[in-house]
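Scroll down for the structure; my scribbles are underneath it.
Each value in this text was obtained by applying a stated rule to the coordinates, not by laboratory testing. No experiment lies behind these values; they were computed from the predicted model shown. So basically every Cβ, Gly included, is an ideal-geometry build from the backbone, and we count neighbours across all protein chains shown.
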Protein chains: 2
Amino acid sequence: MSKVLIFGHQNPDTDAIGAALAFAHLQKELGVDAEAVALGTPNEETEYALNQFGLIAPRVVEKVAGETQDVMLVDHNEFQQSVSDIEEVNILAVVDHHRIANFQTANPLYYRAEPVGCTSTIVLKLYKENNVTVPKEIAGMMLSAIVSDTLLFKSPTSTEEDMKAAKELAAIADVDLESYGLEMLKAGTNLSTKTEAELLDLDAKSFPMGDKTIRVAQVNTVDLAEVFARQEALEAAMIVENTKNKYDLFVLLVTNILNSDSEILIAGEPKEKVEVAFNTKLENNRAFLPGVVSRKKQVVPQLTEAFEK
Amino acid sequence: MSKVLIFGHQNPDTDAIGAALAFAHLQKELGVDAEAVALGTPNEETEYALNQFGLIAPRVVEKVAGETQDVMLVDHNEFQQSVSDIEEVNILAVVDHHRIANFQTANPLYYRAEPVGCTSTIVLKLYKENNVTVPKEIAGMMLSAIVSDTLLFKSPTSTEEDMKAAKELAAIADVDLESYGLEMLKAGTNLSTKTEAELLDLDAKSFPMGDKTIRVAQVNTVDLAEVFARQEALEAAMIVENTKNKYDLFVLLVTNILNSDSEILIAGEPKEKVEVAFNTKLENNRAFLPGVVSRKKQVVPQLTEAFEK
């Protein structure tokens, strides 16, 4: 077996990088020649977490088939969110917490998905099932991933298991869960230094829905007004992205992590499907979505249903 | 939540029925209102096992959406092998040991696949992870499923884990693994009472490969010559099936469970892909494949590669 590369999705967030580091460490302890890599550089939140626990970011790769035949995926499965040459390699394992779509293999594999808030919560189970100890710095990254994905347990995707795992990992990492978690989330909301294009790419995923391709980006903030002050420039950048990448519709989900609400801004067509999905009226291409914080649970299934009707 | 129906693939084999019964019992112990059903009647091998352990066959269903919104799949994932209205219901969980293909969900789910020889081996792990005791009769069905899928551990799909699980289950079921296993396998080789159409349907699955649809049926025997004495009638029946169901190619894998070899008989086109897949020459639409006993590991990947080149 060649070296096994382990990675999360494109535009990696803290779970994509944290779960890759954690699952690669576990595989190495189990005797696999594994390396965590990433399909992009860490965002500011992830950098904050890596620095906090003295870890360096995984090497960024654009393709993998040139250096290995065997890969393991964490925190994603859909090929359009994965490495560009994913269809040329053999997928040995997947650990994930998303829907399954646009994914297939020629051979049986290890696939572990659970409907919990964070991949790292599942990875912690795998450490236990294999009787491997979680090192302090890895525990810190896994904890950061859970805080990030669940927005400190405020997201409807968050489960009892995520909370329990985070508490356990906080003890190993020797940090105060609440205060560390809020500082880390805030570190990810510094949007002022970013161009509109960078902001749209921070945490964005593409989804085929019906015969359309929808791009759904999410940014976290502590002040919605600060983001919407840039609405005109953001819309222009979304239209550029749509044209360049053949997206039919771009949905930007701006989430207030303190109030646990979001406002969406959209560009492209068909806009009326968005209104159907969220049972709302768009005004000035915007709609406020009270209580919505989860792309996975409160945005993608609703859009999918509207588009596939 | 409505009642949860749990089922294996169409043309159920002993694992499709055994794993459904076992996983449904586990779910019930965990408080889920679950019922094992089946997408067809048991074959003779499965009937032997059910009788042996005093169990009745699961109710046969053709559709599920009329009675529930929630299902769990065992021993398969590909929609064309599942219930006909699978896309109308919500898949809560999958436990399987096959490749993943032609499968998708709108929501996150529990998905547990491992590259072992039998779904029931994974289900036994789930009993342990949930601290649920396996009842004697359920242990007997799970054991039968492992014997069936691994051909008493002679298949290359068989792993150490399958062997270990079978020994443990044989102790609970209070049977001698070797002698019970061989009797059960032999019970499934009584082909003389079956019409050609029945024989082709005993254990058959469809696979999209490239732009073709390939049907791969497998029958077990203790005497290849007995089956090939019916070659002409079998070929005629395969052509009828191809026409009726728009299969491009029908591959019948006749496996000698005593010698662990197979001979294939094919009907349809393109035949040359079969020759490429198995690096052989067809003579009289037949080829002997020494050491081949596993459709999943020694037939489907090879055909897939030949068709997708």
All other residues with a Cβ under 9 Å from the Cβ of A:H76 taken together, and with Lys, Arg as +1 and Asp, Glu as -1, what is their net charge?
-2
Could you work out, residue by residue across B:83-95, how many beta carbons of other chains sit within 10 Å of that residue's beta carbon, and then give the average as an integer?
1
Relative contact order of chain A, defined on C-alpha pairs under 8 angstrom at six or more residues apart (%):
14 percent
What is the average number of partner chain Cβ atoms found within 10 Å of a Cβ in A:96-107?
6
Helical mean residue ellipticity (222 nm; -39500 (n - 2.57) per DSSP H run of 4+; nearest 500) of chain B
-12000 deg cm²/dmol
Per residue of A:108-118, other chain Cβ atoms within 10 Å number on average 6
Label-reachable residues, the range A:107-143, where backbone N falls under 14 Å from a point 7 Å from A:K194's Cα toward its Cβ:
none
With only Lys, Arg, Asp and Glu charged, each at its Cβ (+1 for the first two, -1 for the last two), find how big the charge dipole of the range A:28-166 is about the Cα centre; round to the nearest 20 debye.
400 debye
What does the C-alpha gyration tensor say about the overall shape of the range B:222-263? Classify as rounded when a/c is under 1.5, otherwise prolate if a/b is larger than b/c, or oblate.
oblate
Can you tell me the order of B:251-263, B:112-124 when each peptide is scored by its average per-residue count of other Cβ atoms within 10 angstrom, highest first?
B:112-124, B:251-263
Taking the range B:196-307 and dividing mean pair separation by its residue count, relative contact order in percent (alpha carbons under 8 Å, at least six apart):
24 percent
Past the 18 Å Cα-Cα mark, which pairs from A:K125/B:K125; B:K63/B:K212; A:K125/A:K164; A:K125/B:K296; A:K63/A:K297; A:K128/A:K167?
B:K63/B:K212; A:K125/B:K296; A:K63/A:K297
Please arrange B:R59, B:R286 by how many other C-beta atoms lie within 10 Å of their C-beta, fewest to most.
B:R59, B:R286
Separation in nanometres of the label points that stand 7 Å from Cα toward Cβ, at A:T41 and A:V240
1.8 nm
To one decimal in nm, how far is A:D223 from the same spot in the other copies, if labels go 7 Å from Cα toward Cβ? Please give the shortest first.
8.8
Taking springs between alpha-carbon atoms closer than 10 angstrom, which of B:A38, B:A145, B:A101 fluctuates most in the Gaussian network model of chain B?
B:A101
Compute the relative contact order of the range A:4-187 as a whole-number percentage, counting only Cα pairs closer than 8 Å that sit 6 or more residues apart in sequence.
22 percent
For the protein assembly as shown, with only Lys/Arg (+1) and Asp/Glu (-1) charged at the beta-carbon, what is the dipole magnitude about the Cα centre, in debye rounded to 20?
120 debye
Hey, for A:E87 with labels 7 Å out along Cα-Cβ, what do the inter-copy distances come to in nm, ordered shortest first?
2.0
Using only the Cα atoms of the range A:98-194, build the gyration tensor, take square roots of its eigenvalues as a ≥ b ≥ c, and label the shape rounded, prolate or oblate: rounded if a/c is under 1.5, else prolate if a/b is larger than b/c, else oblate.
oblate
List the distances, in nm to one decimal, from the label point of B:T133 to the label points of the same position in every other copy, shortest first, placing each label point 7 Å from Cα along the Cα-to-Cβ direction.
3.6
Dipole of chain B, Cα-centred, from +1 at each Lys and Arg C-beta and -1 at each Asp and Glu C-beta, to the nearest 20 debye?
400 debye
Determine the sum of side-chain charges near B:P301: Lys and Arg each +1, Asp and Glu each -1, restricted to other residues whose C-beta is under 12 angstrom from that of B:P301.
+2
Please state the shape class of the protein assembly as shown: rounded when a/c is under 1.5, otherwise prolate if a/b exceeds b/c and oblate if not, all from the C-alpha gyration tensor.
prolate
Where in the range A:186-203 does the label zone of A:A229 land, with the point 7 angstrom along Cα→C-beta and an amide N cut-off under 16 Å?
A:189-196
